[in-house]
Amino acid sequence: MSVAFDWDDNPARKLFDIHLAMFWEYPLVMHKSYEYKSFGPKERAYIRSELGKLPNCPLKALLLSILKIVQPPTGSFKIKNFKLKDHSDKLIHTQEIMADPYVFFRVAGLTWLNTSSVEIFTNLNNHCIHMVYKEKHIARFLYQYWNTGTQQGFSAKNKAALQQHILDSEDLTLKFKLLVEGAWADLNPLDQAKIYDIPLKHEQIRALNSQTIQNGRLALFKDSKGIKTTAARHVSTKFLESTLKIQPELIDHEDREGNGSDSGNLLSFGMKGEDHE
């Protein structure tokens, strides 16, 4: 298990902020700045008691483990949406999302791939038999409990720290198996799109298929260099590259020279939900 954990690495840091504002008896005003105070045993105990009210699920186990080691926050913070539910709601829908493994891991995986709350809502609506969530429920969940989108400032460093914290624990790794084998798996973009049923545009499918074909051609070209004839003479590969029509611009990033500055992301979605910050 990790021995230290930065405040900003916590996917539920906004929820922790809300609980701290309540504990410190700040007036809850949206977009107002608050100063962090001391973060000692009393603050940790209060947040632990609030987390104890969550349904038993992988996310609850993760947040309790983070609370034990998270480093005190510094500076100030703002709360964009401090409501845990609307007054008209009979249920706390964010808790219902985390309590359903199918829904939670689909939402968590799609968010990790930088999918907006609007697109996640559409995705769920197409794959749930009885859809009970609205887009605002998903946006609130992402903001308060799983704020891991790159657009919202969750950097590669934050993602690596969260991943390492989970993978360092056998129990958490098992609980988050669907995420580990999904969005965190070493898969090509097309396979990730298939896992989460992400609709792709025609040009994206064509580009991904071209990449797959290119990878096969490149592998064949590399393997052919070691092929020998029965006479122990190397087969000539002088014209093989042109025959296979290998296109340098389609070679995998790891096979290119340099630092891979190409920013092409075929699974990048720019739209943000109303409450997802």
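The values are calculated or read from the model by the stated rules, or taken from the named source; none is laboratory data. Please read these numbers as outputs of a predicted model, since none were measured by experiment. Counting neighbours? That spans all protein chains shown, and the Cβs are built from the backbone with ideal geometry, glycine included. Please note that ligands, DNA and RNA were not included when accessible areas were found on the heavy atoms of the full protein model with its side chains. Shrake-Rupley method; radii C 1.70, N 1.55, O 1.52, S 1.80 Å.
Between Lys90 and Leu28, full extension at 0.36 nm per residue minus the direct alpha carbon distance yields a gain of 20.1 nm. Calculated accessible area for region 77-209 comes out at 48 Å² per residue, all protein chains present (probe 1.4 Å; ligands, DNA, RNA ignored). For Asn123, neighbours were defined as the other residues whose beta-carbon sits under 15 Å from its Cβ, and their charges (Lys and Arg +1, Asp and Glu -1) total -1. On region 131-186, 54 percent of the accessible area sits on carbon and sulfur atoms, based on a 1.4 Å probe. Of the cross-linked pairs Lys78/Lys175; Lys37/Lys60; Lys68/Lys157; Lys85/Lys194, those separated by over 28 Å at the C-alpha level are Lys78/Lys175; Lys85/Lys194.
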